[in-house]
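Nothing in this text is a laboratory measurement; each read-out follows from the coordinates by a stated rule. Here the structure is a predicted model, which means the values were calculated and not measured. Cβ atoms come from the backbone with ideal geometry, glycine included; neighbour counts cover every protein chain shown.
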Amino acid sequence: MANQYTAAVRQDGDWWIGWIEELPGVNSQGVTRDELMENLESALNEALEMNRDDARAAAGVEEVSITG
């Protein structure tokens, strides 16, 4: 099940800018609204992966996938 996040978006002159409300620092821009949304999704995924890596490192654990 995927988590849902809230993107705040607005047009600023010729650019679209936006950020993810639940994760400070996850923001982006684009020439079009569609480009902004793609960029925000990419930034969100990168931030989540970095946060997961940091949490694993801090706990001294690694995740291993197994199939049963």
Give the residues of the stretch 12-53 that are among the polar types (S, T, N, Q) and touching a Leu at 6+ places or on another chain (Cβ under 7 Å), sorted by residue number. S28, Q29
If I go through the stretch 25-38 residue by residue, how many of them are part of a loop (DSSP other than H, G, I, E, B) and either in contact with a helix residue (DSSP H, G or I) (Cβ under 6 Å, 6 or more places away or on another chain) or of a type in the set (D, E, K, R) (or both)? 1
Kindly indicate which of E41, E22, E62 is in a helix (DSSP H, G or I) and charged (D, E, K, R). E41
Qualifying positions in the stretch 53-68 - out of contact with any Asp or Glu (no Cβ under 8 Å at 6 or more places or on another chain) and surrounded by 10 or more Cβ atoms within 10 Å (Cβ to Cβ): D53, D54, A55, A57
Does M37 count as under 18 Å from N3 (Cα atoms) and exposed (fewer than 11 other Cβ atoms within 10 Å of the Cβ)? no
Can you tell me how many residues within the stretch 1-19 are of a type in the set (V, I, T) and outside any loop (DSSP other than H, G, I, E, B)? 2
